[in-house]
Structure formats: C-alpha cells, structure tokens
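One structure is given below, encoded as structure tokens.
FYI, it's all coordinate maths here, none of it is from the lab. Quantities reported herein were computed from a predicted structural model and do not represent experimental measurements. Reconstructed Cβ throughout: ideal geometry from the backbone, glycine too, with neighbour counts over all protein chains shown.
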C-alpha cells in the first residue's frame, strides 16, 4: 500500500523540498556566491524599497481578502435561496471566474477600466469622472484582487452555510428572536471557523499573486512578489541571493498568518 505514495513523495521532494532548500541556501550566500552571511536578510528587512513592498503586499492582501470575504458571504447565502439547478449553474460560474486570473484578468480590466477603458470613457461622457480611478495604483490593485478573491471565497464559504439548519431558524423565531439576533448569536458563531479559515486562504492567495499585478502595473506599484521576480529574473544584474531572502520572508509571513489563523480557530472553538 505504501508504494501508492511513492509518486506523491517524489513530487513533494522534487518540486517542493529541493527548490525550497536551494532557495534557503541561496538566501544565506554573498552576492558572489561564496561564504555564509545574513546580509541579504538585513537588506531585505531594512531597505526602504523592500520594507515598503512588504507593507504594500500585506495591506493589499488584507483589504482584498476582507472585502472579498464579506461580499462572498452574502453571495453564497443568496445561492442557497435558489433551486438546486440554479445553484449548480451559479457555482459553475464561480468556478470559472475563480480560474480567470493572471494576465487575462489584467487585460480585461484594462479594456473596461483602463485609461481609455470602456467604462472610463463612459463615465467621462456622463459627467461621472469622479468614479474613475487609476488601475496602475494600489487602490486599483485592491479592486482587481478583490474581483478574483470573491469566486474563491464563494467556493469555500458556500458549503459551510449548510451547517446552519432550518430548524434552528424556526426555533429561534418561535422563541421571539429576530433575524438579526439569530445571525448574531447562532449563525455567525457557527460560520466563524469557516470564515477565519477562508480569510487565511484568501490572504495567502493574494500575497503570492504576481501575474495580474505585474501585467497591470509592471513596476508602478511596489509589491513583494514583483520585487522577488525582478531580482531573480533581472535583465542586467539578477540578484538571486536577495530575491531568495525576500522569498523566505514571504514564506515566513504566510507561516505567521497560518499560525494566527490556528490560534483564532482555537479561540472560536473555546468560545463556542
């Protein structure tokens, strides 16, 4: 039976363990590739360019994950009010949108909300130019990231809504509880572990995203993944050691996020 796991173990070692080990070793090397040093981490955590990219990435991931999760909760709940056939269609659409990201998503937003985008020109003609914004900015990326966070959040939140039984709603109504009181004291506490876990997944998804941000802004917005990409694949002087150090920092941030998520889940379970 253990032989069945051989392909999985091989894949795990070849595509995860070995690349990570190589990246970790590279992050402790001098620029000339010789000797052991912490200089790359010192620069990654003190240089204003890289610290700002870290703050921008965390802020972008947090806001897009929070907004995407809130919208997804209402959207998922609305799905449960439709027939089974309609729910399947809506879930399939969400699954399709979940895979619509990267360069195609950036191109679509350029066409719709870019400098000469369809809605941008329409708003200008209607005297509603105040609705326009620069896609090549942090605010623009928040809108784009929220867009591809919503379908993923829907797919993760939707199943958990069926943990709330109709009998609970009926019992609460018979006891005189309003809809708000039901969700405040019963519905939300039941959903909270799922919501916390979903937020963690969304945060990690946004922190590691590169293609959409790079295609949309190139380097107009300072993000951690863009800095890593430019250092590892630099056209003139690539600095793979520093890029590896930033990648390790990104990995540690995601570990911290998962740790916080686990602690929050423990608190939620104790509270319930």
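Taking a ≥ b ≥ c as the square roots of the eigenvalues of the Cα gyration tensor, an a/c ratio of 1.5 or more together with a/b no larger than b/c marks the stretch 106-259 as oblate. Rounded to the nearest 10 degrees, the angle from helix 84-98 to the longest Cα principal axis of the chain is 20 degrees.
The alpha carbon centroids of the stretch 194-221 and the stretch 113-189 are separated by 17 Å.
Can you classify the stretch 26-170 as rounded, prolate or oblate using the Cα gyration tensor, where a ≥ b ≥ c are the square roots of its eigenvalues, rounded means a/c under 1.5, and otherwise it's prolate if a/b beats b/c and oblate if not? Judged from the Cα gyration tensor, the stretch 26-170 comes out oblate (a/c at least 1.5, b/c at or above a/b). Length, then width, then depth: along the principal axes, the Cα atoms of the chain run 74, 64, 37 Å. Label-to-label distance, residue 175 versus residue 188, with points set 7 angstrom from Cα along the beta-carbon direction: 1.8 nm. Counting Cα-Cα pairs of the stretch 105-191 in 10 Å increments starting at 0 gives whole-percent bin shares of 15, 28, 17, 18, 20, 3.
Take the Cα of residue 258, go 7 Å toward its beta carbon, and none of the backbone nitrogen atoms of the stretch 134-172 fall under 17 Å from that spot. Using C-alpha pairs below 8 Å separated by at least 6 residues, the relative contact order for the stretch 116-272 is 23 percent. Calculated mean residue ellipticity, 222 nm, the chain: -22500 deg cm²/dmol, from DSSP H runs (n ≥ 4) at -39500 (n - 2.57) each, averaged per residue and rounded to 500. For residue 251 and residue 121, a Förster radius of 51 Å and the Cβ-Cβ distance give a FRET efficiency of 0.75, rounded to the nearest 0.05.
What fraction of the Cα pairs in the stretch 1-49, stated in percent, has a spacing above 17 angstrom?
Details: 638 of 1176 pairs.
Within the stretch 1-49, distances greater than 17 Å cover 54 percent of Cα pairs.
Just checking the listed ones, 185, 147, 214: in the Gaussian network model of the chain with Cα springs under 10 Å, the one fluctuating most is 185. Quick check: the angle from helix 240-271's long axis to the longest principal axis of the chain, C-alpha only, nearest 10 degrees? So the helix axis and the longest Cα principal axis differ by about 30 degrees.
Summarising the overall dimensions of the stretch 7-111 from its C-alpha atoms, the Rg and Dmax are 21.6, 65 angstrom.
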